[in-house]
Every structure is written in structure tokens, then in C-alpha cells.
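See structure below.
A short reminder: the numbers here are calculations on the coordinates, not readings from a lab. These figures come from a predicted structure and were not determined experimentally. All Cβ positions, even for glycine, are placed from backbone atoms using ideal geometry, and neighbour counts span all protein chains on display.
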Amino acid sequence: MRLLPGFLSVERQRTLLAEVRAVVARAPLYSPAMPRSGSPYSVRMSNCGSHGWLSDRSGYRYSETHPVTGALWPGIPSPILELWNETTGVAYAPEACLINCYGPTARLGLHRDQDEAAKDAPILSISLGDTALFRLGGPERKSPTRSFRLGSGDLMILEGPSRHWFHGVDRILPGTSQLLPEGGRINLTLRRVTIP
Ligand code: SIN
Ligand code: MN
């Protein structure tokens, strides 16, 4: 895992936020449902890119279209693509950008990202807004975990073995950033889905 704390200047964070707002205007945030139980996540989600990650009663999958509007996902904005090119060191483009929106009490349980055929491609995580207490484990659910803070403008790259490690968000620390006037946190997760 590679952590790049404070990688984004406030100006760059504002640019990314404006791009995310434009995406969400076309592809509204929605509350996904957990597989089987159908209970809602506390995190609201949307996507941009050719492949959007979805969770519903039938499971996890990638889809070309928004589950509520049925429209194709908007493209990944170029300032976001530039960050991928700047930091991941791979020559291929990401295909999925998951937008996770956390209110003050939202959290995300420990999980692995394993719905991608491109098993070796890195994952780039971009944090905006309030700080998250992020938990990173290892290859097994029972592997030891550690937690650290992801603040606004921090990047994290899961690459090599860490690409397949368990991770989650324990909680959001409200009031730790001024970036989002409404408070809360936005995380962008960029992934390659198909084998490059
Ligand atoms: C995720 O694993 O989907 C998101 C992690 C985060 O919000 O930092
Ligand atoms: Mn994940």
C-alpha cells in the first residue's frame, strides 16, 4: 500500500469536487442495497466511467448504466484520469470510478475488492472532505488490521499484495474539513475492471 498524504492542494481538491458535483448532477447518488438481505448501505453511491460498481439483492457487479435512471454513466473527468496517470505507474486507463458519499454516521464494513477481472491492476483512492478512520487488514478476514486517518486530499494506492487486502471505513470524523459546505466525506475509488 502506498499512502500519499496531502497530495492534493486545496485548489486541486476544489477542482475535483466541482467535477464530482457535475457527475452526480447527471448520475444521482442513490442508496445501494446489500446482497441477499437487501438492507441499505449507510453510504450513498454513484459512478463514472464505462463500468459502474453496483450492489443489490442479487449481488455485486459492474454495469454500464445507472440502476435508477438507466442512463450510461458519465465519463471519468480528465482531472481524475490525470491523477491515475500521475500516481499509479501503469500505462492503461481506469474503467471505473466509484463515488462513495459518507454522512457523519456512515461507515463501510470490512471487505475486499474482488469483482474485477484485472486482478493485478492497482486501485487508487482519493479522499475529499471530512477525515475517515480507515481500516486496512490483510489477505484473510481474520488477518490483523491497523487503522489510520484518510484526510481531504490524501491518496492511497492499493497495489501488489495489498490490492487484495481487506479494508473498510470505521467512521467519519465530522467537522475535520471545510471542503464540503454540507460536511461529510467523498471517496473516489478508481479501478481497472477488464484485463488490459
Ligand atoms: C471502498 O472501499 O469502496 C471505499 C473506501 C473509502 O471510502 O475510503
Ligand atoms: Mn473497497
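Using R0 = 30 Å, the C-beta based FRET efficiency linking residue 21 and residue 142 works out to 0.15.
Where in the stretch 12-66 are there trypsin sites (Lys or Arg not before Pro) that are in a DSSP coil and have at most 13 other Cβ atoms within 10 angstrom of their Cβ? Write down the numbers at each step before the final one.
Working: sites: 12, 14, 21, 26, 36, 44, 57, 61; in loops: 36, 57.
Taking the stretch 12-66 and a limit of 13 other Cβ atoms within 10 Å, the loop trypsin sites (Lys or Arg not before Pro) found are 36, 57.
Kirkwood Rh, the chain, all Cα pairs: how many Å? List each step's numbers first, then the result.
Numbers: mean 1/r = 0.0598 Å⁻¹.
Result for the chain, one decimal place: 16.7 Å.
Of the GluC sites (Glu not before Pro) found in the stretch 84-147, those in coil by DSSP whose Cβ has at most 10 other Cβ atoms within 10 Å are 140.
So how much slack lies between residue 61 and residue 159, counting 0.36 nm per residue of separation and subtracting their Cα-Cα distance, in nm?
On the way: separation 98, 0.36 × 98 = 35.28 nm, distance 2.14 nm.
Value of the extension gain: 33.1 nm.
Please report the net charge: other residues with Cβ closer than 10 Å to the Cβ of residue 43, K and R +1, D and E -1. Walk me through the intermediate numbers first.
Details: positive: 44, 107, 185; negative: none.
Combined, the nearby Lys, Arg, Asp and Glu give +3.
On the principal axes of its alpha carbon atoms, the stretch 99-143 extends 32, 24, 14 Å, with the longest extent given first. Please give the residues of the stretch 117-155, grouped as numeric ranges, whose backbone N is less than 16 Å from a label point set 7 Å along the Cα-to-Cβ vector of residue 176. Output list for this probe position: 126-136, 146-155. Would you mind counting up the charge near residue 110? Only other residues with Cβ under 15 Å from its Cβ, with Lys and Arg at +1 and Asp and Glu at -1. That works out to +4.
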